[in-house]
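These notes concern the structure reproduced below.
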Amino acid sequence: MDPVSLTLTVAGSVIILLLSILGFFLARVITDVKDNTTEIGKNKGRIELVEQQQINDTKRIEEMTQLELRVMSSKVGDLADNVNLFVTALAKKGLGES
């Protein structure tokens with residue numbers, strides 16, 4: 001075997017080995033990119049779900065607050081009516097005794 005063919009054989013083997021290593025790492029990178037893309041999609045879905053849940057919670061809190069304000073307003077109205085009756089009764093009693 002002459003030195004040129006030996007050199008070409010060794011160089012070819014080294015090139016094939018380097019391409020194999022490069023191919024292995026490229027396959028790993030592509031797999032990781034696909035996995036990360038899938039995970040990003042799942043996380044985006046989770047974020048959208050949490051966002052929708054937060055909007056629903058805010059609406060529910062607003063509705064409950066409005067309901068409680070209506071009830072409180074009604075009770076304050078009743079209290080005002082009772083105070084008015086009490087003051088009127090005291091006024092009548094005071095006028096009657098005078």
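The values are calculated or read from the model by the stated rules, or taken from the named source; none is laboratory data. This is a predicted model, so every value here is computed, not measured. Virtual Cβ from ideal backbone geometry, glycine too; neighbours counted across all protein chains shown.
General observations
- Residue in segment 74-92 that is under 32 Å from the mean Cα position of the chain (by Cα), hydroxyl-bearing (Ser, Thr, Tyr) and either at pLDDT 95 or above or surrounded by 10 or more Cβ atoms within 10 Å (Cβ to Cβ) (or both) present: no
- Residue in segment 48-63 that is loosely packed, with under 10 Cβ neighbours inside 10 Å, in a helix (DSSP H, G or I) and not aliphatic (A, V, I, L, M) present: no
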